[in-house]
Amino acid sequence: MQLTINRIDTRYVLDNEGGGPWIVFIHQLAGDLSVWDQMAGYFRNDFTVLRYDLRGHGETTASPDSFTIDDLADDLAELLDRLGAPSAHVVGLSIGGMVAQKLAIRHPDKVATLTVAGAPAFIPDDARPVFAQRAASVRENGTASIVEATLERWLTPGFRKAHPEVVEPIAETIARTPAEGFARAAEAVSGFDAREGLSSVAKRTLVIAGSGDVGTTPAASRVIADTIPDAQFETLDAAHLTPVEESQRFSALLGNFLRDSA
């Protein structure tokens with residue numbers, strides 16, 4: 001299904017068999033909504049589950065202009081409005097976790113609870129050139145050129161070896177991501193900083209980190225939990241893609257958190 005959101009043709013999938021409260025899952029950079037397929041299966045009987053593709057990812061068209069994480073949060077707020085969602089339990093992974101934080105800051109009425117996985121509270125100054133370099137490299141060489149290095153950051157060696165059937169579709173998704181879509185999103189990530197607004201977030205918050213995540217270390221994610229009042233912090237034995245590598249534990253953590261929030 002598609003809607004035009006802020007001039008962007010946006011793909012989304014809505015599972016509402018349960019007819020319960022809304023939950024929205026936001027994917028990672030160079031990913032698409034399919035990364036949440038298993039989570040949607042866990043939660044669709046009790047929730048109205050929304051997944052969608054960010055600008056320039058999956059089947060959502062690329063932005064004609066540069067954009068910020070604030071703009072991506074506004075996209076989600078508009079999508080929820082258009083679909084008639086009064087609010088949602090918001091779950092974001094990586095760049096999706098950045099979008100989730102900004103949604104909670106900019107559109108608090110849209111957020112029932114906040115769950116952030118594998119995302120920092122800000123990008124340090126010394127890390128910002130890394131994303132600019134990735135954007136430039138992908139514009140020149142395409143997203144297929146970053147598949148192997150990305151998988152090495154996203155998943156532990158043991159998981160990659162044991163589960164090729166999981167790794168292969170993720171690799172294909174990275175390679176299919178339009179170069180300009182990736183590049184503009186990477187540039188948006190480079191400027192991300194939510195620290196100023198996080199202390200004002202009054203929603204129940206769960207922060208999940210991967211103990212083996214070298215891109216977003218547990219310490220970087222912990223800043224979110226330390227800044228939002230009464231936030232819960234958990235670490236899973238995984239690298240960056242905790243909902244993939246530790247899907248059962250991730251779903252159990254999230255399920256318990258949502259039940260406690262009811």
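Values quoted throughout were computed directly from the atomic coordinates according to the rules given, and no laboratory measurement underlies them. As the structure is a prediction and not an experimental result, all values here were calculated from the model. No Cβ is skipped: glycine too gets one built from the backbone with ideal geometry, and neighbour counts run over all protein chains shown.
For this structure, a couple of remarks:
- Mean shadow area of the stretch 17-153, taken as a quarter of the surface of its Cα convex hull (nm²): 8.9
- Ranked by the mean number of other Cβ atoms within 10 Å of their residues, highest first, the peptides 3-9, 211-217, 47-53 fall in the order 47-53, 211-217, 3-9.
- Of all DSSP-defined beta bridges confined to the chain, some 25% are antiparallel rather than parallel.
- Charges were assigned to the Cβ only: +1 to each Lys and Arg, -1 to each Asp and Glu. The resulting dipole of the stretch 193-248 about its Cα centre is roughly 220 debye.
- Computed from point charges on the beta carbon alone (+1 for Lys and Arg, -1 for Asp and Glu), the dipole magnitude for the stretch 2-261 about its Cα centre is near 180 Debye.
- When the chain is described by a simple charge dipole with +1 on each Lys and Arg Cβ and -1 on each Asp and Glu Cβ, the residue from VAL49, ILE224, THR61 located farthest towards its positive end is ILE224.
- Sequence-ordered 3J(HN,Hα) estimates for the stretch 208-224 from the Karplus curve with 6.51, -1.76 and 1.60 and θ = phi - 60° stand at 10, 10, x, 4, x, 7, 8, x, 10, 5, x, 4, 5, 5, 4, 4, 4 Hz, glycine and proline given as x.
- Global geometry of the stretch 2-261, whether rounded, prolate or oblate, following the gyration tensor of its Cα atoms and the 1.5 cut on a/c: rounded
- In order along the stretch 27-33, the phi-based Karplus estimate (6.51 cos²θ - 1.76 cosθ + 1.60, θ = phi - 60°) of 3J(HN,Hα) comes to 7, 8, 4, 6, x, 8, 4 Hz; Gly and Pro are listed as x.
- Inter-label distance, SER145 to ALA202: 4.9 nm, where each label sits 7 Å from its Cα along the C-beta direction.
- Each of the peptides 130-140, 218-228 was scored by the mean count of other Cβ atoms within 10 Å over its residues; in descending order, highest first, they stand as 218-228, 130-140.
- GNM top mover of ASP230, ASP75, ASP193 - the chain, alpha-carbon springs below 10 Å: ASP230
- Less than 5 angstrom separates the built amide H of LEU236 from those of ALA209, GLY210, SER211, all sequence-distant by 5 or more or on a different chain.
- Amide proton proximity set for ALA119, modelled H, under 5 Å, gap of 5+: SER94
- About its Cα centre, the stretch 152-235 has a charge dipole of approximately 100 debye under the convention of +1 per Lys or Arg Cβ and -1 per Asp or Glu Cβ, with nothing else charged.
- Couplings 3J(HN,Hα) of the stretch 185-192, computed from phi: 5, 4, 5, 5, 4, 4, x, 6 Hz, in residue order, whole Hz [Karplus 6.51 cos²θ - 1.76 cosθ + 1.60, θ = phi - 60°; x for Gly and Pro].
- One Cα centroid belongs to the stretch 155-223, the other to the stretch 120-139; the line between them spans 13 Å.
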